[in-house]
Every structure is written in C-alpha cells, then in structure tokens.
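For reference, the structure discussed in these notes is given below.
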Amino acid sequence: MLRYPSWRAPIDILFLICCIALTADVLVPEIWGSGKTKDYPLWFWAGQQILQGGDLYPSDAKAYFNFIYPPLSAVLLAIPSYFGKIPLYLCLSAFNAVAWWITAQFSNAMTGSGKMPGPWLFALPGFVTVSFVFDMFDLGQPNLVLLAMMLYGFWLLQHDRPWMGGSMFALATALKVFPVAVLPYLAWRRQWAALAGMIVFLGIFLFVVPAPVRGFRHNVSELKTWYQGMVGSSSEQGFGQRGEQNWSWVNQSIIAVTHRLTRPVNYNQDNPAKPPAYMNLLDLDFRTANWVVLAISLAIGLGFIAIMPARSRTTPRSNAEELGILFCLMTVASPLARQYYFMWLFFPITILVHRAVYDPRPAAQIGSWTALAIAGLLMCLSFPVFPNDLQAYGNNLAATAIIAGDLVWHILHPPPEGAVCSLPATAGELKPDLRINPRS
C-alpha cells in the first residue's frame with residue numbers, strides 16, 4: 001500500500017534524514033557559500049526567461065543552446081523561479097524526495113511477486129542506487145521524477161486507466177525527450193488507448209499548455225528551433241548540442257559505446273586538458289558505425305519481441321519482468337546516457353531482489369543474487385577512485401545488460417505452477433490497493 005513516511009519506522013527515519021542531507025547539499029552552498037553550481041543556475045535562468053518574456057533558444061538552430069529541454073520544462077520552472085533561487089532549489093529537491101519515495105513504493109508493488117518485503121529488504125534497491133539519487137539532488141536533474149511518472153503511468157495502465165497512463169508518459173516525454181521510447185512498446189502491445197492518450201497529451205503539453213504564457217506562435221517557433229538544434233542535428237562531431245559529451249566516456253548509451261568501439265573517437269574530448277585516448281577495436285567511418293548501431297538496436301529490439309509472452313500467457317510476474325527489460329532498454333537507448341540516467345535501473349533491480357528472495361527455486365534465487373552482485377560491482381567502477389577508461393568501455397551499460405539478461409531468463413523460465421516459496425517472517429502478502437494511507 002502506498003503510504004506516507006512514518007516517524008515510527010527506522011527505515012523511514014533514515015529516508016527522511018537522507019533527504020534532509022541531500023537537500024542541504026543543494027541549499028547550503030546557495031545560502032552560505034558562493035552559490036549552488038551544476039544545473040541549478042540554468043534552471044533559474046530558464047524560469048526567468050519565461051517570466052521576462054525572453055527567448056529560450058538562439059534564433060539560429062546551429063548556435064549553442066544554454067537550455068536544451070522542451071519549452072514546457074521552462075514554463076514549469078518559472079513558477080518557483082518567480083519567488084527566487086532558494087524557493088526554486090527547495091522545490092526541485094522536494095520533487096526529488098517525493099519521487100524517490102514513490103519510486104520505491106511502486107517498484108516494490110509492481111514486481112509481480114505478490115509479496116511485500118520487510119522494511120530493510122524493501123529499501124535495498126534504494127541503497128544500491130543511492131549514488132544515482134545523490135546525482136539527482138546534486139545536479140538538479142529530473143530523471144528520478146521522470147522514473148516515478150513512468151512507473152505511475154504503467155500502474156495506471158495495469159489498473160485499466162490507459163488514458164491517464166498515457167498522459168503520464170506524455171508529461172515525462174514533454175519534460176525530457178528520452179521516455180518517448182515507450183511509444184513503440186505501447187504499439188507492439190496494442191495498448192491503443194494508452195498510445196492515443198500519450199500522443200494527444202503530448203500535443204497538449206507541447207503546444208497548448210505553454211501557449212497562454214509564451215503565445216502560440218512564439219511557442220511553436222521555439223519548438224521548431226529546439227527540434228532542429230536537438231533532434232535534427234547529428235554528425236561526426238556529435239549530436240543534440242553537446243558534441244563534446246556525445247562520444248566521450250561520460251556517455252554510456254548503446255550509440256556512444258558502439259561508436260567508441262568501432263571508430264577512432266577521442267573519449268577524453270569533454271576535457272581538452274587530457275591527452276586524446278582511444279579504445280576502438282575497428283576503424284570504421286561515421287556512416288558505417290551508424291549502420292552497426294542500427295543493426296545492434298534492431299537485434300535487441302527483435303530479441304525483446306521474441307521473448308515477450310503472448311498476451312494470453314502473460315502473468316503479473318511476466319509483465320513485471322517485461323517492463324523491467326523495457327526500462328533497461330529505454331535507459332541505454334537514449335542517445336546521451338550519463339551516469340545519472342541509470343537511476344532507471346531502480347525498478348529492474350527491485351524485480352530481481354524479489355526474484356532472489358521469493359522465487360521458489362533455490363537455483364533461480366542464487367542466479368538473481370549473482371546477477372545483482374555482478375551488476376553492482378560493475379556500477380561501482382563509476383566511483384572517482386577508478387579511471388575514466390573503465391567507464392569508457394561502458395560499465396553501467398554492461399551492468400544494465402546483466403540485469404536485463406537475468407530478467408530475460410526469468411521470463412523464459414517461469415516457476416512451475418503451484419510452486420511456493422516459504423515467506424520470511426518480515427514479509428507479507430502484497431495488497432493490490434495503492435491508495436495513500438496517511439496512517440500507515
């Protein structure tokens with residue numbers, strides 16, 4: 001049951017302490033230091049541009065964009081920006097804290113195990129991904145909020161509210177584009193109402209909502225400029241306005257890692273002070289490398305389709321595993337997948353934790369724990385004590401592949417009907433009602 005944090009639960013108190021500490025990381029430098037850095041000043045600038053009627057993007061789509069998100073993001077940022085930097089930063093931190101809590105609640109409720117683990121096992125995925133959560137607060141990025149939106153959208157979809165589910169997918173996409181990867185999945189699964197809802201609401205969020213603030217023509221013009229500069233630009237130098245990051249070690253998407261492995265790309269190009277470094281196993285040109293990316297993506301997509309159970313054979317368990325794989329693929333399919341993007345592994349990790357505890361087959365439990373351990377070790381290579389060269393080879397991408405691979409195994413090898421796992425004393429049956437209970 002979705003519930004509020006309780007002062008009587010030690011794990012909830014720990015959660016609140018973490019949120020306070022992470023919020024302090026944002027506010028203390030702004031109040032008593034030289035000012036919060038990272039993306040926070042940019043968000044305030046974007047909000048002020050809306051309030052003052054300024055332009056978000058340069059008139060030339062080939063020029064450098066300070067703000068690289070769709071106009072709706074800036075319109076929403078303008079509301080707290082009206083009151084100043086500190087209210088804006090506090091608001092963004094509060095959204096991240098709420099999204100963190102909701103993500104844990106929905107992730108554990110949607111694993112298909114039918115069980116709700118004890119408090120410490122419930123919090124295990126949060127411990128595993130805490131470095132990503134730190135990035136969300138420290139950088140001011142919205143990926144955790146987007147994850148909560150997507151999980152809520154799929155929960156609505158599973159509870160026969162497809163139009164509302166589609167609206168959540170649309171809102172996430174209108175804020176930061178990469179969740180649009182859910183569209184082909186909805187089409188393949190014939191979720192026509194959710195697909196229609198996503199398309200309709202995406203139009204509303206992109207064209208209708210900003211219009212009263214920006215003016216319809218001004219908003220359409222900015223959308224066109226944004227599309228040309230972010231989506232419609234691609235070359236050997238990079239894509240989407242951040243060419244120095246696209247091929248560098250910071251990007252662990254399928255596109256970036258494939259290009260680094262197949263053509264001589266300097267993966268230190270984000271830092272001119274560092275000497276050039278290369279890791280390519282082949283020496284292909286840009287166009288051929290793109291064909292390799294397309295072939296790999298097509299193979300992954302067809303493989304995903306092949307392992308999906310027919311609709312007549314789906315179960316809550318297989319649905320969860322299928323969605324877990326989808327979240328893995330949406331993460332690495334984004335053209336730019338920096339470290340914090342892998343926050344989206346929270347849900348797939350939660351599913352594997354449930355399989356490691358509640359699968360009635362001991363061998364399957366061991367396999368899930370092993371996959372989680374290997375993925376965890378790979379993700380640890382992102383810590384600053386390790387050289388960037390290891391990340392250039394795609395440690396988080398490899399961790400995602402391990403997690404997705406184990407989920408594929410579980411889809412293809414469901415437990416026998418009637419098999420029961422003895423339930424730990426701290427766990428209980430999961431109630432299907434996810435309405436908020438303030439007394440929990």
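Laid out as a table, the results:
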read-out	value
Qualifying residue in region 34-42 (condition: at pLDDT below 95, surrounded by fewer than 13 Cβ atoms within 10 Å (Cβ to Cβ), in a loop (DSSP other than H, G, I, E, B) and more than 22 Å from the chain's Cα centre (by Cα))	yes
Members of region 383-413 that are over 18 Å from the mean Cα position of the chain (by Cα), part of a loop (DSSP other than H, G, I, E, B) and either among the aliphatic types (A, V, I, L, M) or on the phi > 0 side of the Ramachandran plot (or both)	V385
Scope region 174-183; condition touching a residue at least 40 places away in the same chain (Cβ under 8 Å) and of a type outside the set (D, E, K, R); matching residues	A174, L175, V177, F178, P179, A181, V182
Residue within region 106-118 that is within 16 Å of the chain's Cα centre (by Cα) and surrounded by 19 or more Cβ atoms within 10 Å (Cβ to Cβ) present	yes
Residues satisfying the stated conditions in region 119-148, i.e. aliphatic (A, V, I, L, M), under 20 Å from P29 (Cβ atoms) and either crowded, with 19+ Cβ neighbours inside 10 Å or under 14 Å from the mean Cα position of the chain (by Cα) (or both)	V133, M136
Exclusive hit being in contact (Cβ under 8 Å) with a residue 24 or more places away in the chain, surrounded by fewer than 18 Cβ atoms within 10 Å (Cβ to Cβ) and either of a type outside the set (K, R) or part of a loop (DSSP other than H, G, I, E, B) (or both), set L72, L22, L90, L16	L90
Candidates I366, I305, filtered to the one that is assigned to a helix (DSSP H, G or I) and over 25 Å from G114 (Cβ atoms)	I305
Exclusive hit being under 15 Å from P119 (Cβ atoms) and out of contact with any Pro (no Cβ under 9 Å at 6 or more places or on another chain), set L27, L14, L22	L14
Region 272-300, subset among the small types (G, A, S) and surrounded by fewer than 15 Cβ atoms within 10 Å (Cβ to Cβ), residue farthest from the chain's Cα centre (by Cα)	A273
Any hit, region 268-285, residues being of a type outside the set (K, R) and not in a loop (DSSP other than H, G, I, E, B)	no
Tabulated pairs, region 50-65, first under 22 Å from V213 (Cβ atoms), second outside any loop (DSSP other than H, G, I, E, B) and among the acidic types (D, E), C-beta under 9 angstrom, 6+ apart or interchain	D55/E222; L56/E222; Y57/E222
Qualifying residue in region 95-103 (condition: surrounded by fewer than 23 Cβ atoms within 10 Å (Cβ to Cβ), under 17 Å from the mean Cα position of the chain (by Cα) and more than 22 Å from W43 (Cα to Cα))	yes
Filter pass, R3 being surrounded by 13 or more Cβ atoms within 10 Å (Cβ to Cβ), under 30 Å from L121 (Cα atoms) and among the basic types (K, R)	yes
Pairs with Cβ under 7 Å, 6+ apart, first in region 370-389 and within 18 Å of N268 (Cβ to Cβ), second part of a helix (DSSP H, G or I)	L381/L390; L381/Q391; L381/N395; S382/Q339; S382/Q391; S382/N395; S382/N396
Residue that is farther than 16 Å from L326 by Cβ and out of contact with any strand residue (DSSP E or B) (no Cβ under 9 Å at 6 or more places or on another chain), where the choices are W155, W163	W163
Pair list, Cβ under 7 Å, 6 or more apart: region 101-112 residue outside any helix (DSSP H, G or I), other residue of a type in the set (K, R)	G112/R317
Residues of region 1-33 satisfying the condition of being hydroxyl-bearing (S, T, Y) and at pLDDT 95 or above	T23
Residue match in region 335-354 (condition: crowded, with 24+ Cβ neighbours inside 10 Å and in contact with a strand residue (DSSP E or B) (Cβ under 8 Å, 6 or more places away or on another chain))	yes
Count of region 265-302 residues which are farther than 17 Å from S253 by Cβ and either touching a Lys or Arg at 6+ places or on another chain (Cβ under 6 Å) or touching a residue at least 24 places away in the same chain (Cβ under 8 Å) (or both)	4
When residues of region 98-118 are limited to those that are aliphatic (A, V, I, L, M) and more than 19 Å from V26 (Cβ to Cβ), the one modelled with the lowest pLDDT	M116
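The values are calculated or read from the model by the stated rules, or taken from the named source; none is laboratory data. In this text the structure is predicted, and so the values were computed from the model without any measurement. Every residue, glycine among them, receives a Cβ derived from its backbone with ideal geometry; neighbour counts consider all protein chains shown.
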